[in-house]
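Let me begin by presenting the structure, written as structure tokens, before commenting on it.
Just so it is clear, none of the values below were taken in a lab; they were calculated from the coordinates. Everything numeric here is computed off the predicted structure, so don't read it as measured data. With ideal geometry, Cβ positions are generated from the backbone for all residues, glycine too; neighbour counts draw on all protein chains shown.
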């Protein structure tokens, strides 16, 4: 088994200390940081996503796998050269919308997106449209990922899109929405660019919408 395969397995199994140890070992053996993402971290989290879709993994397993991936990415990110950093899959402003304090689903999506090579700007929960607009402008984000777990806060997704439009930024970003009460029809009705029914679907959608 290669070191890449060992790291993949450590992430899938949620073994963060092992993932960290293997990442350090790979770097000491001269493997470039930018190689480790596409050859180990991304395929590992793709497999985690598949197992979640097939109901082989549930939220606890996904969370510990994502944390193992984070143990590796935390070592690698600072080592990427400027050119490699710019070749990230895209910059995503991720948050739970105003009035909503639920964050488990949002956290899983953020960690899986990061493992897929996206740069994540996580605004946490109860994020106002103004805060989201400012983050998009400041970080030059090209994707906004919005989560809502309450039917009463879903309307604030529309408010974010309206705020992005008013700020002249709507044509510069793709807006993804998700959460238990959210549907594809709702996403379409508010002018969002896509709906992710779960974290793996959100990652796949982000890949499709990210600039080439």
Unique match (being out of contact with any helix residue (DSSP H, G or I) (no Cβ under 9 Å at 6 or more places or on another chain) and closer than 22 Å to residue 200 by Cα) among 106, 28, 39: 106
Any residue at all in the stretch 175-185 that is surrounded by fewer than 19 Cβ atoms within 10 Å (Cβ to Cβ), over 21 Å from the mean Cα position of the chain (by Cα) and free of Cβ contacts under 8 Å to residues at least 40 places away in the same chain? yes
Within the stretch 52-69, the count of residues that are surrounded by fewer than 19 Cβ atoms within 10 Å (Cβ to Cβ) and in contact (Cβ under 8 Å) with a residue 24 or more places away in the chain comes to 6
